[in-house]
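Engineer: This structure is in structure tokens; I'll ask about it shortly.
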Amino acid sequence: MSRINRPRGTVDILPGEVEKWQYIEDIARKLCRNFHYQEIRTPIFEHTDLFERGVGDETDIVQKEMYTFSDRGNRSLTLRPEGTAAVVRAYVENKIFADGLTTTKLFYMGPMFRYERAQAGRQRQFVQFGVEALGSDDPAIDAEVIALAMSFYQSLGLKNIRLVLNSLGDAQSRLDYRQALIRHFDPVIESYCLDCQKRLQTNPLRILDCKVDREKPEMKTAPNIQAYYSKEAKIYFETVLQYLDALGVTYTIDQNLVRGLDYYNHTAFEIMLDGEGFGAITTLCGGGRYNLLVEELGGPRTPGIGFALSIERAIMALNAEHIALPIEMILDCYVISMGEAARIKSLKIVSDLRKKGFSCELDYIGRKMKTLFKEAERAQAQFVLILGDNELKRGTIQVKHMATALQKEIHLEQLTQYLQQMR
């Protein structure tokens, strides 16, 4: 029979590599606990309408990248391409907003799905970590969310990260800026890619985000969004910057930063990796404020801000900077038994040690002693425990401390105490 391979755009995360993922996920969870964000888990598939309304039916995600299918009831469902819309849907459906007394601070971590060209650090199934803070329009929460994202990469040891900021302004600012962009690009739009031609009337801000036409002269001479800020929008952005300054977070302002999703307003940001070895697409994380999304999905008017990042790209960044994570893969005890009676006893010994917090392994194939010692070395076992018929009669076991090569015969009732002392 022919072999079945994994689908294109997916990866198998094998032992030896998966420990990196576990370490990074632990860092994310610890940070969220420190910032008082609670975990939320939403379904992997949702009604398609959620993403058409929440992400924007003119975005590349909705038009080109979603995995959409009909179930047996002929309902249109979609594998989630991003996390924010699903979190907001859960927030509205479960009336998490009901008390109205506190800011709801949530985080999520899990697989997302987008049908795009598979390449390093960009798969069709990928894992996102993200946070959402709902219920506050205080610029201080913008600064906190950005600081959390920066802290994540700093906790991993990354050095060459750069925060890029912009403000998309309030509703009136965006409307005025939108008209200015249409006037600017309309005379030359036929020389732009088909996507940009469609975006001119639907969402001209996204022309500035085009990867195909970014070197065209009109991109460099496009109107500056800062010229169209309302007084309130300008004050809001300036206050966010003041909070970031107070936190010691350095940043660069980029007027062309617009983000790819339709629900953003006011603060928008990306975190990038500078330096060689990472590739042309340097963005690690993106996020921003979305004050109208909750209302768009059927809830009360509720301001929100969040970010999302790819675990795959975080690992790519670590590899680019040659950072080795401090992952311990040490096995406490490798147990070797000789003879059937010793075999039965060794199972009990292993079980007792595991209950007392020791990691243990036992040979289940019946290999030779020399091979078993090599296996113990490969597993980085701290101790090799050897039980044979003679030891069984005496109620003892041989314990070899691999780091020092010291080997002693220990009474079984003293085994736990000896191992704790030698650790």
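Engineer: What number of residues within segment 75-118 are among the hydrophobic types (A, V, I, L, M, F, W, C), open to solvent by 10 Å² or more (accessible area, probe 1.4 Å) and over 23 Å from Glu295 (Cβ atoms)?
Structural biologist: 5
Engineer: Can you tell me which residues in segment 317-343 are open to solvent by less than 50 Å² (accessible area, probe 1.4 Å) and assigned to a helix (DSSP H, G or I)?
Structural biologist: Once the filter is applied, which keeps residues that are open to solvent by less than 50 Å² (accessible area, probe 1.4 Å) and assigned to a helix (DSSP H, G or I), segment 317-343 yields Ala317, Leu318, Ala320, Ala342.
Engineer: Further question: May I ask you to list pairs of residues, at least six apart or on different chains, whose Cβ atoms are under 8 Å apart, with the first in segment 234-245 being assigned to a helix (DSSP H, G or I) and the second being aromatic (Phe, Trp, Tyr) and modelled with pLDDT of 95 or more?
Structural biologist: Note: pairs meeting the criteria are Leu241/Tyr251; Leu244/Tyr251.
Engineer: Give the residue that is modelled with the lowest pLDDT, with candidates limited to residues of segment 2-60 that are at positive phi and open to solvent by 30 Å² or more (accessible area, probe 1.4 Å).
Structural biologist: It comes out as Gly16.
Engineer: Residues in segment 220-247 that are open to solvent by 60 Å² or more (accessible area, probe 1.4 Å) and under 30 Å from the mean Cα position of the chain (by Cα): how many?
Structural biologist: So the answer is 6.
Engineer: A further question on this structure: Could you please give the count of residues in segment 377-423 that are touching a helix residue (DSSP H, G or I) at 6+ places or on another chain (Cβ under 9 Å) and among the acidic types (Asp, Glu)?
Structural biologist: Residues flagged as touching a helix residue (DSSP H, G or I) at 6+ places or on another chain (Cβ under 9 Å) and among the acidic types (Asp, Glu) within segment 377-423 amount to 3.
Engineer: Then there is this: Anything in segment 283-307 that is surrounded by fewer than 19 Cβ atoms within 10 Å (Cβ to Cβ) and either free of Cβ contacts under 8 Å to residues at least 12 places away in the same chain or closer than 18 Å to Asp209 by Cα (or both)? List them, or say none.
Structural biologist: Within segment 283-307, Thr283, Glu295, Arg301 meet the criteria.
Engineer: A follow-up question, please. Does Ala403 satisfy the criteria of being assigned to a loop (DSSP other than H, G, I, E, B) and open to solvent by 10 Å² or more (accessible area, probe 1.4 Å)?
Structural biologist: Yes.
Engineer: In addition: Can you tell me how many residues in segment 177-198 are outside any loop (DSSP other than H, G, I, E, B) and aromatic (Phe, Trp, Tyr)?
Structural biologist: Residues meeting the conditions: 2.
Engineer: Let me ask something else about it. What number of residues within segment 199-219 satisfy the criterion of being at pLDDT below 85, loosely packed, with under 15 Cβ neighbours inside 10 Å, in a helix (DSSP H, G or I) and out of contact with any helix residue (DSSP H, G or I) (no Cβ under 8 Å at 6 or more places or on another chain)?
Structural biologist: 1
Engineer: Then there's this: Among Arg174, Arg162, Arg117, which is part of a helix (DSSP H, G or I) and closer than 30 Å to Glu215 by Cβ?
Structural biologist: Only one candidate passes the filter, namely Arg174.
Engineer: List the residue pairs whose Cβ atoms are under 8 Å apart, where the first residue sits in segment 406-423 and is hydroxyl-bearing (Ser, Thr, Tyr), the second is part of a helix (DSSP H, G or I) and open to solvent by 40 Å² or more (accessible area, probe 1.4 Å), and the two are 6 or more positions apart or on different chains.
Structural biologist: From residues that are hydroxyl-bearing (Ser, Thr, Tyr), the pairs are Thr416/Asp352.
Engineer: Hey, Lys356 hits all of (1) under 13 Å from Val335 (Cα atoms); (2) under 37 Å from the mean Cα position of the chain (by Cα); (3) not small (Gly, Ala, Ser) but one; which does it fall short on?
Structural biologist: (1)
Engineer: Can you say whether Ser310 is touching a Lys or Arg at 6+ places or on another chain (Cβ under 6 Å) and surrounded by 18 or more Cβ atoms within 10 Å (Cβ to Cβ), as far as the supplied structure shows?
Structural biologist: In short, no.
Engineer: Another question, if that's okay. Which of the residues that make up segment 352-367 are modelled with pLDDT of 90 or more, exposed (fewer than 14 other Cβ atoms within 10 Å of the Cβ) and farther than 16 Å from Leu419 by Cα?
Structural biologist: none
Engineer: Need the failing condition index for Leu372 against (1) open to solvent by less than 40 Å² (accessible area, probe 1.4 Å); (2) in a strand (DSSP E or B), just the number.
Structural biologist: Failed condition: (2).
Engineer: Which residues, counting only those in segment 344-369, are touching an Asp or Glu at 6+ places or on another chain (Cβ under 9 Å), outside any helix (DSSP H, G or I) and not small (Gly, Ala, Ser)?
Structural biologist: Passing the criteria: Phe358, Cys360, Glu361, Asp363, Arg367.
Engineer: Residue by residue through segment 406-423, note down the ones that are open to solvent by 40 Å² or more (accessible area, probe 1.4 Å) and hydrophobic (A, V, I, L, M, F, W, C).
Structural biologist: Of everything in segment 406-423, those that are open to solvent by 40 Å² or more (accessible area, probe 1.4 Å) and hydrophobic (A, V, I, L, M, F, W, C) turn out to be Leu406, Leu412, Met422.
The values are calculated or read from the model by the stated rules, or taken from the named source; none is laboratory data. Source: prediction; values computed, not measured. All Cβ positions, even for glycine, are placed from backbone atoms using ideal geometry, and neighbour counts span all protein chains on display. The area values use the complete protein model at the heavy-atom level, side chains included, leaving out ligands, DNA and RNA. Shrake-Rupley method; radii C 1.70, N 1.55, O 1.52, S 1.80 Å.
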